[in-house]
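K.L.:
The following block contains the structure, expressed as structure tokens.
The values are calculated or read from the model by the stated rules, or taken from the named source; none is laboratory data. On a predicted model such as this, the values are computed, not experimentally measured, just so you know. Note: ideal-geometry Cβ built from the backbone for every residue, glycine included; neighbour counts use all protein chains shown.
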Amino acid sequence: MTQNAMKKPSVLARVMAAAAAGVMALTVAACGSSGDNASQGASASDNGKISVVASINQWASVAKELGGSHVDVSSIMSNTNVEAHDYEPSTGDVAKLSKAKVVVVNGADYDPWAVKAAKSSGATVVNAAEVGGIKEGDNPHVWFSAAVRKATADAITKAYQSVDAKGKADYATLNASWHKDEQQLEDKIATTAKTAKGLPYAATESVAWYLAGDLQMADNTPKGYAQASANESEPTPADIKDFQNALGDGSIKVLVFNTQEADSTTDQLVSAAKSGNVPIIELTEQMPKEYDNLLDWMSALVDKFDSAV
């Protein structure tokens, strides 16, 4: 699967999300201009900490690590059963954004509702895709990328230092500590890559495309299936058959399966992988509840790849 072969929101979902975000943005703007109390709420939470809101729990965990005791972080999305592309913000989400001093969004058209609303929130906004050099139309699952994680972490630290100059040194220390942990993860990735380099894999969806790239694996997802997945259309029987054949003839050595998007088609592919003795790596798009740290989750996934290759 190529970088552009990814799951994208449907036209209807885009329209609904844009409309919801538009209403959300107007509401946030109104909240931001409602008086001194609103202004105070935007600078800090009730306990005096910097109020930080992330659109998804992956980036919320990074924001917590980088802010320590100085920040109060919450995320809008944390459910592995909900599609971020199609998410419709609630009034509670509006309230969170209207009071935030720092907002972290994913970008790359993954959470357009949050990106649009954040622009009117009055907060300092960190867009992970933008700071990582990822554009709209590129694969949006950027938390799987080591380069984007590092760029986003540095942007979050810079945002904290800009709104809380007194804590600048503390944020720098926390940033250095986070980078140390990230380096340990990247060392593990490099070790696994020695075995995984060039190994052909296929994916039911391209959620782990960046991680597989960091592991230097070769994306061998059949083109027809990959294009259908990217366009959010149903793969043809011929596409499915090609995928099944590839799983059976040895041209695919690992199947990456997004359990968050399981259906009758993926059931057929998983069955074919099992019949062909192809290792299956199961993962989700959102960070599972058993993890509260993005790097811990990524490390566990690298272990899965290591076991599979």
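K.L.:
Before we move on, is ALA212 assigned to a helix (DSSP H, G or I), out of contact with any Cys (no Cβ under 7 Å at 6 or more places or on another chain), modelled with pLDDT of 95 or more and not assigned by TED's automatic domain parsing to the domain that holds ASP138?
P.N.:
Answer is yes for this residue.
K.L.:
Checking the structure you have, find out if any residue of the range 143-150 is without any contact (Cβ under 8 Å) to a residue 40 or more places away in the chain, crowded, with 16+ Cβ neighbours inside 10 Å and more than 30 Å from VAL270 (Cβ to Cβ). If you could, list the steps in order and put the result at the bottom.
P.N.:
Residues of the range 143-150 that are without any contact (Cβ under 8 Å) to a residue 40 or more places away in the chain, as a first pass: 147, 150.
Add one more test, that the residue is crowded, with 16+ Cβ neighbours inside 10 Å, and what stays is 150.
In the following step, the residues that additionally are more than 30 Å from VAL270 (Cβ to Cβ) were identified as 150.
Yes, because at least one residue in the range 143-150 is without any contact (Cβ under 8 Å) to a residue 40 or more places away in the chain, crowded, with 16+ Cβ neighbours inside 10 Å and more than 30 Å from VAL270 (Cβ to Cβ).
K.L.:
Name the residue, out of ASP306, ASP296, that is in contact with a Lys or Arg (Cβ under 9 Å, 6 or more places away or on another chain) and of a type in the set (Asp, Glu).
P.N.:
Of ASP306, ASP296, the one residue that is in contact with a Lys or Arg (Cβ under 9 Å, 6 or more places away or on another chain) and of a type in the set (Asp, Glu) is ASP306.
K.L.:
Could you list, in sequence order, the residues of the range 123-152 that are part of a helix (DSSP H, G or I) and more than 24 Å from LEU283 (Cβ to Cβ)?
P.N.:
Passing the criteria: GLU130, VAL131.
K.L.:
While we're on this one: Within the range 222-247, which residues are within 15 Å of GLY276 (Cβ to Cβ) and surrounded by 18 or more Cβ atoms within 10 Å (Cβ to Cβ)? If you could, list the steps in order and put the result at the bottom.
P.N.:
Let us first name the residues in the range 222-247 that are within 15 Å of GLY276 (Cβ to Cβ), namely 222, 240-247.
Within the range 222-247, PRO222, ILE240, PHE243, GLN244, ALA246, LEU247 meet the criteria.
K.L.:
Show the residue pairs meeting these rules: Cβ distance below 6 Å; 6+ apart or different chains; first residue within the range 225-254 and outside the structural domain of LYS274 (by TED's automatic domain parsing); second residue of a type in the set (Asp, Glu) and in a helix (DSSP H, G or I).
P.N.:
Cβ pairs passing all conditions: none.
K.L.:
For the range 261-309: of the residues being of a type in the set (S, T, N, Q) and within 22 Å of ALA146 (Cβ to Cβ), which is surrounded by the fewest Cβ atoms within 10 Å (Cβ to Cβ)?
P.N.:
SER307
K.L.:
For VAL104, work out the one condition from (1) surrounded by fewer than 22 Cβ atoms within 10 Å (Cβ to Cβ); (2) touching a Phe, Trp or Tyr at 6+ places or on another chain (Cβ under 7 Å) it doesn't fulfil.
P.N.:
Result: VAL104 passes all but (1).
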